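Inspection log for the structure reproduced underneath, given as C-alpha cells.
The values are calculated or read from the model by the stated rules, or taken from the named source; none is laboratory data. Just so it is clear, the structure is predicted and the values come from calculations on it, not from any experiment. For neighbour counting, all protein chains shown are included, and Cβ atoms are generated from backbone atoms with ideal geometry for every residue, glycine included.
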Amino acid sequence: MSDGTRGLAKAEEIYRNRSRRALELKAQGRKVMGYMCSYIPLEILTALGILPYRIFGDIREPITEADKLLPTSFCPFVRSCIDSVYKNKYDFLDGVAGAHSCDPQEKTSHVWKSKVAYEIFPYLDMPATTHEWGERMFRRSLENFKKTLEAYVGKEITPDALKKEIALHNEQRQLVRDLYDLKKPHPPLISGTETLQVMMALASVPLEEGNEMLREVIGEAKDRTGTEANIEAKRILVFGACLDDISLIQLIEDMDAGVVMDENCTGPRAYFTDVPPTDDPMEGLTSRYLNLTCARTFREAVVGEFRKDRAADLEARYAYLGRFIRDWKVDGVIIQLVRFCDPFGYEIPELRDYLKQLGVPNMYLETEYTTGGLAAFKTRVQTFLETLI
C-alpha cells in the first residue's frame, strides 16, 4: 500500500476497507482465494502465489439473499457470509477454499460450489479427532487439497518452497504473539479494539505486507506508556467462535474494562501454534492444522481410554485457556457465541465448569449476529463487570 499510512492507522484503514488491497492485486493478475476457516493451510496457497483472503460476514447488513439458499435456523455468521457473496461483496474472488470444520461450513461450501460461478472450489475434509487414523486421513486430504491447487495454477510446490512459506507464516505467528504480549502490562499497551482491527487486517493483505504492518504496530505500541484505560479497569478475556467486528469489544471497553485477551478464530486460535519443522513439510502441516484448539475437534486426556477422568479431560481441552487467564491476569471471561453454533454451544457447560474450578467469574452471551443484538447486552455486560472484585 502506498498511501503513507503506517502501523495502527494502516490496520484501521484496512479494517474499514478490507477488499482494497485484494482488488489492487487482482488487477495486477494475482489470484485471490477466499476462505472462512482457520483450518485452511495458507502455506499451500501462498507457495503458489495465491493471495488468501478471509471471508467474514457483516453484522450491519440484514440477511436477505441467503434466505433463498439456507434455513433461518442456521448459523447466522455463515448465512451472513453467503449473503455477502450473493450481494457481490466478494465478486473479486477467483475461488473459495472450503473445509469441514463444522456442518454449516461444510454445507455452505457445497452451496457455493453449485450456485456461484467461481473458478475453483478446493475442499478440505477434516476428521473430528486427533487419533492416529485421523492424522492419516487428514494427511491424505491435505495432499488432495495441494494437488487440486497445483493443477489450477499449473505448477507443483517443491518441499523447499513449502518450507520457506512455513517459515514466513511462523514468523507472522510469532509477531502476533508479540502483539498479544503488549496486552500483558496493566494498563495494556494496545486495546482490544485496536488488536482486532490488526488481526482482521492480517487476513486481508499479502503475508509479507502483514508482517511489516505487525512490526510497525508493535514498535508504535511499545512507545506508549499505556492506553488511556483506567488503571482499575477489569481485565477481560472474550471467548467465542469467530469475532469479526469491533462492536462487542468497543461495548466492553467503553465501560472502563480492557479486553486484554481473546480466544477466537481470528485471534490466538489461528496464530499461537507454529507449524513444527519437519523433513517432510506436509507432515508438519498435518500436525499443526489437525491440532488447532477448536471445539469441533474431540480431545481426550488419554486417547482410546474407556474409563474417563472428567477433570483430566477438561484439563486436556482447556488448559491453554487457563494459561491465558494466568499470564494475562484475567479478572473475568465473557463467552460470546452466535445462535445455532452447535460445536461451541455444546462446549459451554464444560467450559464454564472448568472456569469455575479456576475460580474465574464468567458470563455467556448468545448473539444473533446483528448490531441490534449486541446493543441489547449492554446492561448485562455492565452488571457482570460490576460483580468483579
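Here Thr108 fulfils each of the conditions (1) modelled with pLDDT of 95 or more; (2) out of contact with any strand residue (DSSP E or B) (no Cβ under 6 Å at 6 or more places or on another chain); (3) surrounded by 18 or more Cβ atoms within 10 Å (Cβ to Cβ) apart from (1). Only one entry of Asp274, Asp342, Asp331 meets the criterion of being buried (at least 18 other Cβ atoms within 10 Å of the Cβ) and of a type in the set (Asp, Glu), and that entry is Asp331. Being without any contact (Cβ under 8 Å) to a residue 40 or more places away in the chain and within 18 Å of the chain's Cα centre (by Cα) is the requirement here; does Thr379 meet it? So Thr379 does not fit the description; no.
Taken as a whole, the condition of being part of a helix (DSSP H, G or I), small (Gly, Ala, Ser) and touching a Gly at 6+ places or on another chain (Cβ under 6 Å) does not apply to Ser114.
When Ala233 is tested against (1) in contact (Cβ under 8 Å) with a residue 24 or more places away in the chain; (2) within 22 Å of the chain's Cα centre (by Cα); (3) surrounded by 19 or more Cβ atoms within 10 Å (Cβ to Cβ), just one condition goes unmet, and that condition is (2). The numbered conditions (1) charged (D, E, K, R); (2) closer than 20 Å to Val260 by Cβ; (3) in contact with a Pro (Cβ under 8 Å, 6 or more places away or on another chain) are all true for Arg323 except (3).
For the range 199-216, check the following and say yes or no: at least one residue is surrounded by fewer than 21 Cβ atoms within 10 Å (Cβ to Cβ), of a type in the set (S, T, N, Q) and either at pLDDT 95 or above or more than 30 Å from Lys26 (Cβ to Cβ) (or both). Yes, the range 199-216 contains a residue that is surrounded by fewer than 21 Cβ atoms within 10 Å (Cβ to Cβ), of a type in the set (S, T, N, Q) and either at pLDDT 95 or above or more than 30 Å from Lys26 (Cβ to Cβ) (or both). Specify the residue that is farthest from Thr46 (Cα to Cα); the eligible residues are those in the range 277-287 that are buried (at least 20 other Cβ atoms within 10 Å of the Cβ) and in contact with a Leu (Cβ under 8 Å, 6 or more places away or on another chain). Result: Thr286. Under the condition of being closer than 16 Å to Tyr118 by Cβ and buried (at least 22 other Cβ atoms within 10 Å of the Cβ), which residue from the range 24-39 is modelled with the lowest pLDDT? Residue satisfying both the conditions and the ranking: Met36. Quick check on the range 326-380: of everything there that is in a strand (DSSP E or B) and of a type in the set (Val, Ile, Thr), which residue is farthest from Cys294 (Cα to Cα)? Ranking the candidates gives Thr367 first. Asp103 meets the conditions (1) without any contact (Cβ under 8 Å) to a residue 40 or more places away in the chain; (2) surrounded by fewer than 16 Cβ atoms within 10 Å (Cβ to Cβ) in every case but one. The failed one is (1).
Restrict the check to the range 365-379 and report whether at least one residue is touching a helix residue (DSSP H, G or I) at 6+ places or on another chain (Cβ under 7 Å), at pLDDT below 90, among the hydrophobic types (A, V, I, L, M, F, W, C) and surrounded by 20 or more Cβ atoms within 10 Å (Cβ to Cβ). Yes, the range 365-379 has at least one match. Scanning the range 217-241 for residues that are modelled with pLDDT under 90 and touching a helix residue (DSSP H, G or I) at 6+ places or on another chain (Cβ under 6 Å) yields a single hit, Ala241.
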